[in-house]
Amino acid sequence: EDPKLLHDILSLLANNIADYACYQIDSGAMIIQVFDSWAGHLPDGAFREFAFPYQKRVIDEIKRRHPETPIIIYMAPGEYSREGRRLAQLARTGADIVSIDHTIDFRRAREIIPDGIGIQGNLDPKVLRDGPLEEIREQTERILEAARGTRHIMNLGHGIEPDTPESHAAFFVKIVQSYATD
C-alpha cells in the first residue's frame, strides 16, 4: 500500500544490519554470512525492488568498511528461488561466496555463478537427518567431487533439522575432513 514507507523501513534495516555485521567483524569475526530468509518467496519484480538493492547495500557497506572480510550470501529456498533461479542475482551482490540451497545440483550452480565467486553448500538437510549413513556419504562425496578444484565450503543446503541425530552430523563432518586429506 505504501512502497515509500517500505523502502524507508528496508533502508533502515539494511543500514542496521551492515552496522551489526561490522560490529561483529570489529569484535573478531573473520567471515560474515548475510542470510535472507524470505527473498526467495518474492516474485521477480518485488525481489528486484524490495530485496536485491538492500542485500547489495548491506554487502557494499560491509565491504567499504572491511574490504578484507569475506562475505557469504544465502537465500533460503522459496517458490521463486528453487533450483538456482536467483543465483545469478546473488552473485551480483558483491558477496565473495554464494551459499546454494539443496534444490540445485552443484555442477549447475557452478555454471550460473561466475568463477571468481566461491560456493558454499549444498547437502540436503533431510538426507543428513534421515540417512542412512551410506546415503549421507554418497551425497556428500558427490558434492565434494563436483566442487574439486573450485572455491568451495562444504555445508548443508539449508539449516540443520532439529531432530538430526548427532551421530549423522558427526559422520558428515568426518567424511568432509577425510575427503579434504585424500
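The values are calculated or read from the model by the stated rules, or taken from the named source; none is laboratory data. The structure displayed is predicted, hence computed values, not measured ones. With ideal geometry, Cβ positions are generated from the backbone for all residues, glycine too; neighbour counts draw on all protein chains shown. Accessible surface is based on the protein model in full, side chains and every heavy atom, while ligands, DNA and RNA are left aside. Shrake-Rupley method; radii C 1.70, N 1.55, O 1.52, S 1.80 Å.
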- line: When segment 113-167 is checked residue by residue, the ones that are free of Cβ contacts under 8 Å to residues at least 40 places away in the same chain, assigned to a helix (DSSP H, G or I) and not charged (D, E, K, R) are Pro125, Val127, Leu133, Ile136, Gln139, Thr140, Ile143, Leu144, Ser167
- prompt: How many of the residues in segment 97-116 are aliphatic (A, V, I, L, M), over 12 Å from the mean Cα position of the chain (by Cα) and open to solvent by 10 Å² or more (accessible area, probe 1.4 Å)?
  reply: 2
- prompt: How many residues are within 29 Å of Asp2 (Cβ to Cβ), in a helix (DSSP H, G or I) and open to solvent by 10 Å² or more (accessible area, probe 1.4 Å) if we restrict to segment 86-96?
  reply: 1
task: Go through the residues of segment 2-14 one by one and say whether even a single one is within 25 Å of Ile153 (Cβ to Cβ) and open to solvent by 20 Å² or more (accessible area, probe 1.4 Å).
output: no
- prompt: Filter segment 46-85 for residues that are in a helix (DSSP H, G or I) and in contact with a Leu (Cβ under 7 Å, 6 or more places away or on another chain); which is farthest from Phe35 (Cα to Cα)?
  reply: Phe50
query: If you check every pair at least six apart or on different chains, which have Cβ atoms under 6 Å apart with a residue in segment 27-45 that is in a loop (DSSP other than H, G, I, E, B) first and a residue that is among the aliphatic types (A, V, I, L, M) second?
result: Ser37/Ala76; Leu42/Ala51
message: Looking for something under 24 Å from Ala46 (Cα atoms) and within 10 Å of the chain's Cα centre (by Cα) - is there at least one such residue anywhere in segment 120-130?
response: no
